[in-house]
Structures are given as C-alpha cells and as structure tokens.
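What follows is one structure encoded as structure tokens, with my remarks underneath.
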C-alpha cells in the first residue's frame with residue numbers, strides 16, 4: 001500500500017517497480033517489429049531475460065498484480081493497436097536459442113530457437129521425422145500451445161517432453177501426456193512458460209531429409225502467400241471440412257477492410273498490404289466469420305492468437 005502511494009506521488013513508471021534483472025527492459029517497445037503482421041501497439045514494458053535463472057528471478061520477485069504476456073516469434077499473433085499493458089516477455093537472448101542432440105537421437109530445442117534454423121541441424125545430424133517443423137513460421141516455443149502441424153504431422157506426434165516454468169517461477173519437466181495436446185489446441189495453464197522441448201527423431205539419410213524439405217518448400221511457395229505480411233492460417237479447420245473451402249464457398253474470399261485483405265493465393269490467410277492496422281485485420285476476420293456462418297451455418301474459430309487492447 002505504501003509503495004503504491006509513493007509510486008503515485010512520484011509518478012513512477014512500471015519499470016521502476018520491477019525487479020532488477022540481468023536481461024533488459026524496454027519501455028513502450030513497438031510490438032509491430034515483433035510480429036509477422038507488422039501491426040499493433042507497444043508493450044508497456046518488454047522484458048528479454050538473459051537466461052532461465054533470470055526469468056525465474058523475475059517471476060518470483062515481480063509485483064503480484066503486474067500482468068505478464070509471453071510472445072514467441074510473432075508468426076501466429078495479432079497484437080491490437082492499443083498495445084499490451086504490463087510486461088511482455090520474449091525469450092530471444094542467445095541462451096534461449098540453443099539446441100543439443102542427445103545420445104538417444106532426441107533433440108532438445110530451447111523455445112526461442114527459430115523453426116527454420118532446424119534445417120541445418122537435422123541435415124548435419126541426420127534427424128528425420130521433424131522436417132515439417134522447419135516449414136512452420138516462428139519459434140519453437142510457440143508450436144506447443146497450438147499443437148502446430150502441417151503435411152500430416154503435428155507436434156504431439158513427435159514431442160517427448162518439455163521443460164516449463166510456471167507463473168511462480170517453479171521449474172517442471174512435463175511429459176507429452178500432461179500437455180493435453182489436440183487439434184491446434186492444448187489445455188495446460190496459461191501461465192506456463194516453455195523453456196525447452198525435446199523431440200523424438202529417427203535416423204535417415206541427408207538426401208532423403210533434403211528431399212522432404214524441398215517438397216515442403218515447393219508446396220508452401222506454390223500454395224501459400226510468400227514474402228507477405230501474414231500470420232499463417234487464420235481459422236481452424238472445423239471437423240470434416242477445411243476453413244478455406246468454407247470461406248470460398250461463402251464468397252468471403254474477396255473481402256477486404258482498410259489495408260487488410262484475403263490472400264488471393266490461399267483464402268485462409270489474411271494479408272497486411274502495407275497500411276493495415278490491427279483493427280483492420282481483426283475486423284476482416286470477424287466479417288469473414290459472419291459471412292461463413294450466414295452462408296453455411298458453420299462458425300469458424302480463430303487460429304491466430306489475438307492479444308492486447310483496442311486503441
């Protein structure tokens with residue numbers, strides 16, 4: 001109570017009441033630089049922890065009422081124009097971008113490692129079965145929360161375990177059965193922060209692994225928008241049908257709002273044409289949901305995570 005009283009008198013900013021860390025705090029950090037849509041307002045404070053111990057220290061010593069939001073590679077994320085209050089954590093220091101290959105041919109990747117960076121690793125070490133991860137935009141940590149997948153394989157099919165830190169700064173090793181992974185979903189608590197993930201692999205030749213990677217890349221460039229400001233698939237596929245088919249059937253594939261439009265290459269992708277706001281993109285998505293429901297009686301569900309406040 002006394003601390004809040006003095007903070008109000010002297011008008012301290014949020015960063016002034018946060019614990020002293022080894023990593024860095026960035027006030028009013030523009031999150032448009034951290035998302036593939038390239039839109040959205042600022043983080044009140046962006047925290048990039050130096051390492052795992054730094055993150056634990058922060059969680060154990062931060063004021064209890066300060067909200068915390070975790071972001072990954074920003075590939076499946078829409079930050080609203082008003083930004084995100086409280087502290088936004090991004091595990092982007094060198095410590096969180098490591099990996100190591102274990103003797104049993106599993107591979108442990110820290111959550112800040114970019115999926116695309118796995119290509120070199122799996123080729124050098126002849127680790128097959130996880131090639132699809134290289135085609136998923138963003139960072140490793142984000143792929144658990146949505147049980148990311150493509151080309152017939154999902155994260156739940158290859159994960160062995162994960163190291164997490166809960167909201168109180170306690171570390172746990174969690175088996176795949178405790179992650180409760182299902183189609184584009186998981187049921188573990190929102191305050192769990194993924195530190196690293198251990199994946200199962202199988203041995204195969206570099207030639208076969210490269211062939212699979214090439215096939216995935218060809219499919220992606222031919223069927224999906226490439227080098228565009230997009231966040232991947234916008235809506236989950238309802239049971240027994242594909243979202244893009246519903247969008248096209250309903251006539252919503254030609255929709256646009258402000259600087260946002262539906263991709264002409266894959267209508268389950270929304271595009272920032274360069275001038276879109278987060279509100280444009282979210283409004284477009286909601287407009288598509290309404291049109292699909294009107295024409296097909298099926299309600300699409302967002303796959304993209306939307307965070308922050310409206311401006």
Calculate for the chain the 222 nm mean residue ellipticity that helices alone would give, adding -39,500 (n - 2.57) per DSSP H run of length 4 or more and normalising by residue count, nearest 500 deg cm²/dmol. -7500 deg cm²/dmol
For region 158-257, shape from the Cα gyration tensor axes a ≥ b ≥ c, cut at a/c of 1.5 then a/b versus b/c, turns out oblate
Within region 140-183, find all residues whose amide N lies under 18 Å from a label point positioned 7 Å from the Cα of residue 223 along Cα-to-beta-carbon. 148-155
Highest to lowest packing among 211-224, 288-301, scored as the average C-beta count within 10 Å: 288-301, 211-224
For a bin width of 5 Å, list the pair-distance distribution of region 70-115 built from all Cα-Cα distances, rounded to whole %. 5, 18, 21, 19, 14, 11, 5, 4, 2, 0
What does the C-alpha gyration tensor say about the overall shape of region 2-94? Classify as rounded when a/c is under 1.5, otherwise prolate if a/b is larger than b/c, or oblate. oblate
With the cut-off at 1.5 for a/c, could you classify region 189-237 from its C-alpha gyration tensor as rounded, prolate or oblate? oblate
Viscosity 0.692 mPa s, temperature 37 °C: Stokes-Einstein D of region 98-222 from its Kirkwood Cα radius, in µm² per second? 223 µm²/s
Summarise the long-distance tail of P(r) for region 191-311 by giving the % of C-alpha pairs beyond 27 Å. 34 percent
Just subtract the alpha-carbon distance of residue 26 and residue 239 from 0.36 nm times their residue separation and send over the number in nm, one decimal. 72.4 nm
Taking 7 Å along the Cα-to-C-beta vector as the label spot, tell me the residue 256-residue 98 distance in nanometres, rounded to one decimal. 4.8 nm
When N counts the residues of the chain, how does its alpha-carbon radius of gyration compare numerically with 2.2 N^0.38 Å, as a ratio? 1.05
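Just so you know, all these numbers are worked out from the coordinates, no wet-lab data involved. Nothing here was measured: the structure is a model prediction, and the numbers come from that model. When we count neighbours, we look across all protein chains shown, and the Cβ atoms used for this are built from the backbone with ideal geometry, even at glycine.
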